[in-house]
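> Can you keep this structure in mind? I'll have questions shortly.
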Amino acid sequence: MASVDAASQSGVPGYEAVFDADPERKYVCPVCLTVMKDAVQTSCGHRFCETCIRKVANRSGMCKCPVDNTWFDTEFELFPDVAIRREILSLKVKCEQHHKDCTWTGELRDLESHMTLCEYIEVPCEYGCAENSIRRKDLSQHLETCDLRPVSCEHCNSSTTSVDLTKHQLLDCRKFPVVCSLCGKSRINREDISCHLNEKSGDCPRVIIPCPYQKYGCQFAGRREVMASHEKEAAHLHLTCMEQKVDSQDRQISSLDKTVQELIGILEKKKINFESVVSQLKESQMMSYNGKQLWKVKLVSGTNKYRSRSFYTGCPGYKLHVSLELNGHTESGQSYASLFVIHEKGQFDEELFFPFSASCGVSLLAVRPTRSHETIVTCTAVPRCRTDTEGFRCQRGRLRFIKMEELLSDAYCVENCLYLEISAHVFQLGSFTSEHHTVSRQVLGTLN
């Protein structure tokens, strides 16, 4: 059974439906004077809307009957009147929209169901337009013509509203067909009109374009439709312009070729200088400036003489290197390796005093740390070396540094390599004494 809430919107507890005939007095609530809703009966026999009578009761639940002033307890002396409720719901009523030509009549219990389907009730437009008096039976027709109904542009398929479709097509639609303002060609998509009017790739015959031979010197510009006849009439002029352009380019190429050759020469010189600087830098990076060096001698079959990297005794200092000859001296049938210290022309020579004296301690490192072969080479009164070969004339060293068989034994030769530790100490000319020999040996001992 459907409940009816027709009077709830007006604030009246009872039913305010439009009854087909005036309701009998027994159905009217004495409090709200409308047909009772959810009728209840008191112990004194009077009927009221349940909402109305409970509003009259006090907080304790006691209530005075509005009809005969009899007190009763709403919790124990107030009962639902089911029979009257059924009678009320069976009363005949008209549709609330009867004044708008709705002819429906039926029992009160069916009114709410009818109102959900009544075609005369005004409903809002689902598209949200400003129309506010649309009857349900007219809604479908309204939706077909509503200004806010969604539509698709026939050219680009974009979605918009009916009222904005014309604006979209005239201003925004990229596929909307337009007419060229120059040649009058129609049905050109708006997005393609710029290509149609393009000077280089377009096809509009009225567009002003430059002569294709402009880069050769022709200054003519005219409509695309007359350009073919211009090229035919000005063929001799174009040929002359091209010849002049070719001559000019030949002169430029010749000049550029000369410039390129000059630049190549400059680059070759810079390359040589750069390689020299790189070589010096590499040599500088590998150069020792403290008079000390660890020399790894990698023995090569058939090679007798080996040269260490150059090193300086200080910064500034004298430039020296050590030379090792495997078969440098033979005496009484015994072969000895020879060791020499050689002065070279160095970068600090102009700042140093010549001649100079120095001691160079050399240790041949052995596999066992407790064993090594040491010697000190004394270099006295070493003169200035002015050429690369001049230093070899005054080399100092030991002809019998070590026996060959001992040098190449497993004690010193490891995987065909020898290891020598070099330490040079410089003295002033004339001051080289036994005391300095002692200092040199102490330095060598420290390194070893």
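> Within the range 227-255, count every residue that is surrounded by 13 or more Cβ atoms within 10 Å (Cβ to Cβ) and either of a type in the set (Phe, Trp, Tyr) or out of contact with any strand residue (DSSP E or B) (no Cβ under 8 Å at 6 or more places or on another chain) (or both).
Residues flagged as surrounded by 13 or more Cβ atoms within 10 Å (Cβ to Cβ) and either of a type in the set (Phe, Trp, Tyr) or out of contact with any strand residue (DSSP E or B) (no Cβ under 8 Å at 6 or more places or on another chain) (or both) within the range 227-255 amount to 8.
> Let me ask something else about it. Where in the range 368-444 are there strands (runs of 3 or more DSSP E), lying fully within it, with 1 or more residues that are at pLDDT below 85?
Passing ranges, in order: 372-382, 417-427.
> Test Lys215 against the criterion of being in a helix (DSSP H, G or I), over 28 Å from Thr166 (Cα atoms) and free of Cβ contacts under 8 Å to residues at least 60 places away in the same chain, and give yes or no.
yes
> Tell me whether the range 89-101 contains one or more residues that are in contact (Cβ under 8 Å) with a residue 60 or more places away in the chain and in contact with a Gly (Cβ under 8 Å, 6 or more places away or on another chain).
Within the range 89-101, one or more residues are in contact (Cβ under 8 Å) with a residue 60 or more places away in the chain and in contact with a Gly (Cβ under 8 Å, 6 or more places away or on another chain).
> Then there's this: In the range 102-115, is there at least one residue being in a loop (DSSP other than H, G, I, E, B) and either among the aliphatic types (A, V, I, L, M) or under 42 Å from the mean Cα position of the chain (by Cα) (or both)?
no
> Out of all the residues in the range 49-76, which are among the acidic types (Asp, Glu) and buried (at least 17 other Cβ atoms within 10 Å of the Cβ)? Before you say what the answer is, go through the steps one by one.
From the range 49-76, those among the acidic types (Asp, Glu) are 50, 68, 73, 75; that's our starting set.
Of everything in the range 49-76, just one residue is among the acidic types (Asp, Glu) and buried (at least 17 other Cβ atoms within 10 Å of the Cβ), namely Glu50.
> Okay, moving on. With respect to Leu108, is the statement that it is surrounded by 17 or more Cβ atoms within 10 Å (Cβ to Cβ) and in the same structural domain as Phe19 (by TED's automatic domain parsing) true?
yes
> Let me ask something else about it. Give the number of residues within the range 280-330 that are charged (D, E, K, R), in a strand (DSSP E or B) and surrounded by fewer than 17 Cβ atoms within 10 Å (Cβ to Cβ).
Residues flagged as charged (D, E, K, R), in a strand (DSSP E or B) and surrounded by fewer than 17 Cβ atoms within 10 Å (Cβ to Cβ) within the range 280-330 amount to 5.
> May I pose another question? Which condition does Leu91 not pass, out of (1) among the hydrophobic types (A, V, I, L, M, F, W, C); (2) crowded, with 18+ Cβ neighbours inside 10 Å; (3) over 24 Å from Ile53 (Cβ atoms), if it passes all the others?
Result: Leu91 passes all but (3).
> Something else: Quick check on my filter: what residues within the range 124-150 are of a type outside the set (Lys, Arg), surrounded by 15 or more Cβ atoms within 10 Å (Cβ to Cβ) and part of a strand (DSSP E or B)?
The answer is Ile134, and nothing else.
> Do you know which residues across the range 336-370 are in contact with a strand residue (DSSP E or B) (Cβ under 9 Å, 6 or more places away or on another chain) and surrounded by fewer than 15 Cβ atoms within 10 Å (Cβ to Cβ)?
Lys345, Gln347, Phe354, Val367
> If you don't mind, there's one more thing I want to ask. Filter the range 367-386 for residues that are free of Cβ contacts under 8 Å to residues at least 40 places away in the same chain and among the charged types (D, E, K, R) and give the result.
Arg384
The values are calculated or read from the model by the stated rules, or taken from the named source; none is laboratory data. These numbers were taken from a predicted model, which means no experiment stands behind them. Cβ: placed from backbone, ideal geometry, glycine included. Neighbour counts: every protein chain shown.
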